1. Under 8 Å between Cβ atoms, which residue pairs at least 6 apart in sequence (or on different chains) link something in segment 35-53 that is among the acidic types (Asp, Glu) with a partner that is part of a strand (DSSP E or B) and open to solvent by 30 Å² or more (accessible area, probe 1.4 Å)?
2. If we keep just the residues of segment 63-91 that are among the acidic types (Asp, Glu) and open to solvent by 80 Å² or more (accessible area, probe 1.4 Å), which is farthest from TYR13 (Cα to Cα)?
3. Need pairs with beta-carbon distance below 6 Å; first residue under 19 Å from PHE45 (Cα atoms) and within segment 58-81, second of a type in the set (Asp, Glu) and modelled with pLDDT of 95 or more; sequence gap 6+ or separate chains.
4. Considering only segment 92-121, how many residues are of a type in the set (Lys, Arg) and open to solvent by less than 40 Å² (accessible area, probe 1.4 Å)?
5. Which members of segment 47-62 meet the condition of being more than 15 Å from ASN26 (Cα to Cα), open to solvent by less than 40 Å² (accessible area, probe 1.4 Å) and modelled with pLDDT of 95 or more?
Amino acid sequence: METHLLQNNRLHYAEVYASDIFELKNLFLQKFNVQKISENFGIPFLLAKKKNTAVAFASLILNSENETDFVVHSDQDFNHEERKQFIVTVKEFFGRNNSENFRNPLQLKSNIERMINWLND
């Protein structure tokens, strides 16, 4: 499977794999200055890297209407223009993916709960 989706001068985007999860967990914990992840961590599905370091990621979440949505988490090195470009890519990826997590809110809720339990143990 091809994971490299887009590259510009400094960033490249890729799908999230299990091997990326702990790096993304650390980014989340640092961003919010917390000790444990919450449902806001969601299910990461796309990330942005600079020089092999994750600087942002998009996660599937449930919005206030209990519909599948996404949120972008980033560190301070991710500027406004980079964020805008990443969000465009995330929206495209989100719109064309038909897996259960992307289309079934009950499945997503269950998987988010399992992710939280796994990462907070």
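1. Filtered contacts from segment 35-53: GLU39/ILE61; GLU39/LEU62.
2. Filtering first and then ranking leaves GLU65.
3. Going by the 6 Å Cβ cut-off, the qualifying pairs are ILE61/ASP69; ASN63/ASP69.
4. Pass one, segment 92-121, residues of a type in the set (Lys, Arg): 96, 103, 109, 114.
Next cut, open to solvent by less than 40 Å² (accessible area, probe 1.4 Å) only: none.
So the answer is 0.
5. Within segment 47-62, LEU60, ILE61 qualify.
The values are calculated or read from the model by the stated rules, or taken from the named source; none is laboratory data. Since the model is a prediction, treat every value here as computed from it, not as a measurement. A quick note on method: Cβ atoms are made from the backbone with ideal geometry, for glycine too, and the neighbour counts reach across all protein chains shown. For the accessible areas, the whole protein counts, side chains as well, though only heavy atoms, and no ligand, DNA or RNA atoms are used. Shrake-Rupley method; radii C 1.70, N 1.55, O 1.52, S 1.80 Å.
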